[in-house]
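One structure below.
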Amino acid sequence: MPAQGSSSPATAEPASYRWGGARISQPALRASQAAGPTASGFTRLELNGVTKTYPARGRRPALDVISDASLLVSSGEFVSLIGPSGCGKSTLLNIVSGLEEPTSGVVALDGDPRAPRLGLVAHMHQRDLLLPWRTVLGNAVLGLELRHVAATEARARALALIARFGLDGFEDAYPAHLSGGMRQRVALLRTMLPQQDLIVLDEPFGALDAITRSGLQEWLGDVLETDRRTTLLVTHDVDEALLMSDRIYVMSKRPGSTVQSLQVPLARPRTREALSDPRVIDLRRQLMGLLAGKPGVVEA
Amino acid sequence: MPGRGRALAELAAGWLPAAGLGLGALMVWEAAVRIFDVPRWLLPPPSRILWEIFTTAELLGRHTWITVQEVLIGFCLATSVGVVLAVLLAYSRALERSLYPYVIASQTVPIIAIAPLLLVWVGPGQASKVIIVALISFFPIVVNVVDGLRSADSEMIAMFRTLGASKRQIFQKLQVPSALPYFLSGLKVAAVVAVIGAVIGEWVGARGGLGWLMRISAPQFQTSRVFAAIFILSALGICLFLLVGALEKVALRHYPNSDR
């Protein structure tokens, strides 16, 4: 019997609560979530001419954060968004997950620009944001608990995945006793458990040391292979983008706009050896050039 | 996990300096009174105060019990009113703008000025003391809980929202647990001032209690009885403080930096 909570893309059936076209209500979502893990029907994400301006406040002048961002993440695709610090990448993710609304432009899920996003797009932050008063298991089930999934079922679904996330034996440990890498895996488990079709990751490994980071990158590639989702990753680590994505968008300096999209011509998941593939090396050179604004000039 | 013996040893190590200092001070006091031959009605030596506590244990016990009741009832009243008020203030901006200034203003009126009025309004019984205790000790609870409910990390709130949390769920599962350390800090302050409140209330007018006993003993130059009452009162405050401290230790054992 397959473990609860895991779903394989091969057997994925269109979920009953697909939001293509129609708006789905929060109760409908809860009902579908409560019914058990739904196989991921993938979501297509489209951004068209998105801008974001924070209005002037007191002595602070108005701030243009995003000037013109357009991008497409196809169903089941892994897309990275790479750009210099402060180019509005995090704001863009906040807009995608519905935490903020764009000043102008269109955000569409499966072609529907009016589809609700808040609560339906999984969003993982750079900080693990674990609740210190909850155990590993208690933190992992938070998303299910907020959707009113019965406690025993939520636990069972978390426990079914705990080994794959390298957390077995730590179910009842508190975050204070975990390493940074483990905490980030708990955060990812919490992000993935509610089975949202679209996941946005905001520099999820940015705060970790290089060795832990590279281990987690390969591991996440494997996890997303067996439990495929439409994924948008924000990073400023060129190798991370090259290792994990199908496609890479480059963003300009603030106010950010999407400059170019580059295809990574290798199958996923990849190991670090892929980074020494001549095609990837060439791609890295292009990326570095785009990030610098002009080829050969290093971004300050 | 450390053994019981080690835990006890650590506890002793933590308390030893304070206990030593206190004992030393008492010894200096005792010696000074004896050497300089200070009259007992002016300043009795600690041994005389201890003697007073033992010989009038029945009388002191009866009045202590009256004060303890006032303190505990008032403290519980302050806690419930304080928490409810803080939740309302943290939940509604309009309520905060209109009510919070008066909550603060209520503390600028000296309690000693309100006490005689309460005596007129509700009589010299227990009620007036309970009200004074509650009035003086609800303030640190309100201020701390309001701050605590607002202390929830904004990124955590964002994380809850992306998981589909309602306002009520954010309140229950994030803001309330975030406010717990603040609440317990407020409770510790409230525990200490509660005892002061009871004494003020009894001083102004009562039929019993340690404050009342001190007030009638002082003019009769029963100075050692006044000191005995002071000792018991401070012990009472310390006990209440330690009780809340123990509660804090248990409640916050998984919070970061909770090694207090």
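Is it the case that some residue within region B:185-208 is among the small types (G, A, S), touching a His at 6+ places or on another chain (Cβ under 9 Å) and closer than 30 Å to B:L43 by Cβ? Give the derivation first.
Start the filter on region B:185-208 by keeping residues that are among the small types (G, A, S), which leaves B:185-186, B:190-191, B:194, B:197-198, B:201, B:205-206, B:208.
Restricting the remaining residues to those that are touching a His at 6+ places or on another chain (Cβ under 9 Å) gives B:208.
Then drop every residue that is not closer than 30 Å to B:L43 by Cβ, which leaves B:208.
Yes, some residue in region B:185-208 is among the small types (G, A, S), touching a His at 6+ places or on another chain (Cβ under 9 Å) and closer than 30 Å to B:L43 by Cβ.
Quick check on B:E70: is it assigned by TED's automatic domain parsing to the domain that holds B:C239, assigned to a helix (DSSP H, G or I) and surrounded by 11 or more Cβ atoms within 10 Å (Cβ to Cβ)?
On the way: assigned by TED's automatic domain parsing to the domain that holds B:C239: yes; assigned to a helix (DSSP H, G or I): yes; surrounded by 11 or more Cβ atoms within 10 Å (Cβ to Cβ): yes.
Here the answer is yes, as B:E70 does meet what is asked.
Could you run through region A:167-213 and say how many residues are more than 14 Å from chain B (Cβ to nearest Cβ), touching an Asp or Glu at 6+ places or on another chain (Cβ under 8 Å) and in a helix (DSSP H, G or I)?
Residues in region A:167-213 being more than 14 Å from chain B (Cβ to nearest Cβ), touching an Asp or Glu at 6+ places or on another chain (Cβ under 8 Å) and in a helix (DSSP H, G or I): 2 in total.
Quick one: would you say B:R48 is of a type in the set (K, R) and either assigned by TED's automatic domain parsing to the domain that holds B:F221 or modelled with pLDDT of 90 or more (or both)?
So B:R48 passes the test.
Under 6 Å between Cβ atoms, which residue pairs at least 6 apart in sequence (or on different chains) link something in region B:222-234 that is without any contact (Cβ under 8 Å) to a residue 60 or more places away in the chain with a partner that is hydrophobic (A, V, I, L, M, F, W, C) and part of a helix (DSSP H, G or I)?
Within 6 Å, the pairs are B:V226/B:M214; B:V226/B:A218.
Conditions (1) hydroxyl-bearing (S, T, Y); (2) closer than 10 Å to A:S80 by Cα; (3) touching a Lys or Arg at 6+ places or on another chain (Cβ under 9 Å); (4) surrounded by 14 or more Cβ atoms within 10 Å (Cβ to Cβ), marked per residue:
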site	(1), (2), (3), (4)
A:M251	no, no, yes, yes
A:T258	yes, no, no, yes
A:T271	yes, no, no, no
A:Q286	no, no, no, yes
A:G293	no, no, yes, no
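For (1) in contact (Cβ under 8 Å) with a residue 24 or more places away in the chain; (2) surrounded by fewer than 21 Cβ atoms within 10 Å (Cβ to Cβ), each residue gets a yes or a no:
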residue: B:G148; (1), (2): yes, no
residue: B:A158; (1), (2): no, yes
residue: B:A165; (1), (2): no, no
residue: B:F171; (1), (2): yes, yes
residue: B:V176; (1), (2): yes, yes
residue: B:A179; (1), (2): yes, no
residue: B:L187; (1), (2): yes, no
residue: B:A198; (1), (2): yes, no
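Could you please find all residues in region B:161-171 being facing chain A (nearest Cβ under 7 Å), part of a helix (DSSP H, G or I) and not β-branched (V, I, T)? If you could, list the steps in order and put the result at the bottom.
Residues of region B:161-171 facing chain A (nearest Cβ under 7 Å): B:161-165, B:169.
Next cut, part of a helix (DSSP H, G or I) only: B:161-162, B:169.
Selection gives B:R161, B:Q169.
Being within 22 Å of B:A251 (Cα to Cα) and of a type outside the set (A, V, I, L, M) is the filter here; which residues of region A:126-144 pass it?
If the condition is that a residue be within 22 Å of B:A251 (Cα to Cα) and of a type outside the set (A, V, I, L, M), then A:P132, A:W133, A:R134, A:T135, A:G138, A:N139 are the ones that fit.
I'd like the full set of residues that are at the interface with chain B (Cβ under 9 Å from one of its Cβ atoms), over 21 Å from the mean Cα position of the chain (by Cα) and under 30 Å from A:D64 (Cβ atoms), limited to region A:100-158.
Those that are at the interface with chain B (Cβ under 9 Å from one of its Cβ atoms), over 21 Å from the mean Cα position of the chain (by Cα) and under 30 Å from A:D64 (Cβ atoms): none in region A:100-158.
If I ask for residues that are out of contact with any helix residue (DSSP H, G or I) (no Cβ under 9 Å at 6 or more places or on another chain), outside any helix (DSSP H, G or I) and over 17 Å from B:R48 (Cβ atoms), which ones from region B:209-244 would you list?
The answer is none; no residue qualifies.
Which one of these does A:E100 not meet: (1) more than 22 Å from B:K167 (Cβ to Cβ); (2) assigned by TED's automatic domain parsing to the domain that holds A:Q217?
Answer for A:E100: the failing condition is (1).
Mind listing whichever residues of region A:119-134 are farther than 17 Å from A:D172 by Cα and part of a loop (DSSP other than H, G, I, E, B)?
Of region A:119-134, the ones farther than 17 Å from A:D172 by Cα are A:119-129.
Within region A:119-134, A:G119, A:L120, A:H125, A:Q126, A:R127, A:D128, A:L129 qualify.
Quick test of your reading of the structure: A:A158 fulfils all but one of (1) of a type in the set (G, A, S); (2) within 15 Å of A:V223 (Cβ to Cβ); (3) surrounded by fewer than 22 Cβ atoms within 10 Å (Cβ to Cβ). Name the failing condition by number.
The failed condition is (3).
The values are calculated or read from the model by the stated rules, or taken from the named source; none is laboratory data. Predicted model only: the values in this text are computed from it and were never measured. With ideal geometry, Cβ positions are generated from the backbone for all residues, glycine too; neighbour counts draw on all protein chains shown.
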